[in-house]
1. Quick one: what pairs do we get from region 46-68, first residue within 22 Å of Thr7 (Cα to Cα), second at pLDDT below 75, C-beta under 7 Å, 6+ apart or different chains?
2. Of all residues in region 12-32, how many are open to solvent by 50 Å² or more (accessible area, probe 1.4 Å) and touching a Lys or Arg at 6+ places or on another chain (Cβ under 6 Å)?
3. For region 57-65, indicate whether the set of residues that are within 11 Å of the chain's Cα centre (by Cα), modelled with pLDDT under 90 and not in a helix (DSSP H, G or I) is non-empty.
4. So which residues in region 10-41 are of a type in the set (Val, Ile, Thr) and either in a strand (DSSP E or B) or modelled with pLDDT of 90 or more (or both), if there are any at all?
5. Is there a residue being surrounded by 10 or more Cβ atoms within 10 Å (Cβ to Cβ) and touching a strand residue (DSSP E or B) at 6+ places or on another chain (Cβ under 8 Å) anywhere in region 53-64?
6. Checking the structure you have, find out if any residue of region 43-52 is surrounded by 14 or more Cβ atoms within 10 Å (Cβ to Cβ) and assigned to a strand (DSSP E or B).
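The values are calculated or read from the model by the stated rules, or taken from the named source; none is laboratory data. Note that this is a predicted model, so its numbers are computed, not measured. When we count neighbours, we look across all protein chains shown, and the Cβ atoms used for this are built from the backbone with ideal geometry, even at glycine. We work out accessible area using only protein heavy atoms, side chains counted, and drop any ligands, DNA or RNA first. Shrake-Rupley method; radii C 1.70, N 1.55, O 1.52, S 1.80 Å.
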Amino acid sequence: MLLAVGTSAVVWPAAGLIEKAKARGARIAIVNAERIELAHLADIDVLGRAEELLPPVVDALGAPRSDQRP
């Protein structure tokens, strides 16, 4: 699984990660404020602000959140 968050996917070397991961059989999830050119490769493509969308995902996974540390 590759989770691409807040990227235009055009700046290298990170720009090639989505295509490389997909070519190797990885599932792709994209979270971005705007649709990106590589969105057609995504298994999940969520439009919106990462700071609003990711905290519920982190909570659902039971992972610690940096904004809730003492």
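1. Pro55/Arg65; Val58/Arg65
2. Of the residues in that region, 0 qualify.
3. Scanning region 57-65 turns up no residue that is within 11 Å of the chain's Cα centre (by Cα), modelled with pLDDT under 90 and not in a helix (DSSP H, G or I).
4. Selection gives Ile18, Ile28, Ile30, Val31, Ile36.
5. yes
6. yes
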